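Have a look at the structure below before the remarks.
The values are calculated or read from the model by the stated rules, or taken from the named source; none is laboratory data. Keep in mind the model is a prediction, meaning the values are calculated, not measured. Neighbour counts are summed over all protein chains in view; Cβ atoms, including those assigned to glycine, are modelled from backbone coordinates with ideal geometry.
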Amino acid sequence: MGRLHDQLASLDVSVTTPDEIATARLQGESSVTVSLVPGYFATSTSDRLAGKISALGALLWEARQYVVRRTLADVGLTYDESPVLSSGDAEFHLARETVKCEGRSDDESVVVSTFGMTTWAAAVEASALSGAEEDFVRAAGEAMSAALADRLPRLRELAASARAGRL
């Protein structure tokens with residue numbers, strides 16, 4: 001299992017928005033870098049940039065899940081949900097789909113929220129547009145990374161609540 005664990009811990013997944021304007025790369029569990037086509041940042045708005053980050057987040061999570069499943073299949077394992085054996089299990093599965101995770105860039109110019117990891121929402125401060133593109137893409141990557149890193153502690157809290165019958 002050590003080799004499999006290493007493979008999963010060193011995932012490298014890249015996605016591009018359908019319009020090919022924005023790209024994100026996930027390395028490992030939560031290290032995200034973002035890039036934009038030249039000139040897009042200079043002519044964009046906060047809302048348009050937030051839309052690109054939101055789209056990248058959803059695409060990146062789906063691509064990550066695909067790679068995880070493929071990696072497991074390569075060694076003869078399948079990714080199965082744990083069985084629902086009790087009402088507590090059912091409540092956990094439902095609650096997991098609504099877990100909210102959040103990440104902020106160091107300068108707080110970009111905030112990313114996820115709901116069940118399938119719905120992503122981003123907010124970009126207008127002040128981010130007055131800086132350099134390099135600063136913005138770094139901030140976007142920081143916020144996405146932080147949102148992904150927030151996932152595991154949230155799920156652990158949820159599992160502990162489920163075990164204690166507090167859902």
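Annotation: Asp74 fulfils all but one of (1) of a type in the set (D, E, K, R); (2) more than 30 Å from Arg163 (Cβ to Cβ); (3) at pLDDT 90 or above; the unmet one is (3). Checking each residue in the range 134-159 for being closer than 18 Å to Glu97 by Cβ and over 10 Å from the mean Cα position of the chain (by Cα) picks out Leu152, Pro153, Arg154, Leu155, Arg156, Glu157, Leu158, Ala159. Just one residue in the set Ser54, Ser10, Ser30 is at pLDDT below 95 and under 21 Å from Glu108 (Cα atoms); that residue is Ser30. Screening Glu134, Glu108, Glu97 for residues that are free of Cβ contacts under 8 Å to residues at least 60 places away in the same chain and closer than 17 Å to Tyr40 by Cα leaves exactly one candidate, Glu134.
Inside the range 1-23, residues that are touching a Lys or Arg at 6+ places or on another chain (Cβ under 9 Å) and assigned to a strand (DSSP E or B) make up a count of 5. When every residue of the range 92-103 is checked against the conditions, at least one turns out to be surrounded by fewer than 18 Cβ atoms within 10 Å (Cβ to Cβ), modelled with pLDDT under 85 and in contact with a Leu (Cβ under 7 Å, 6 or more places away or on another chain).
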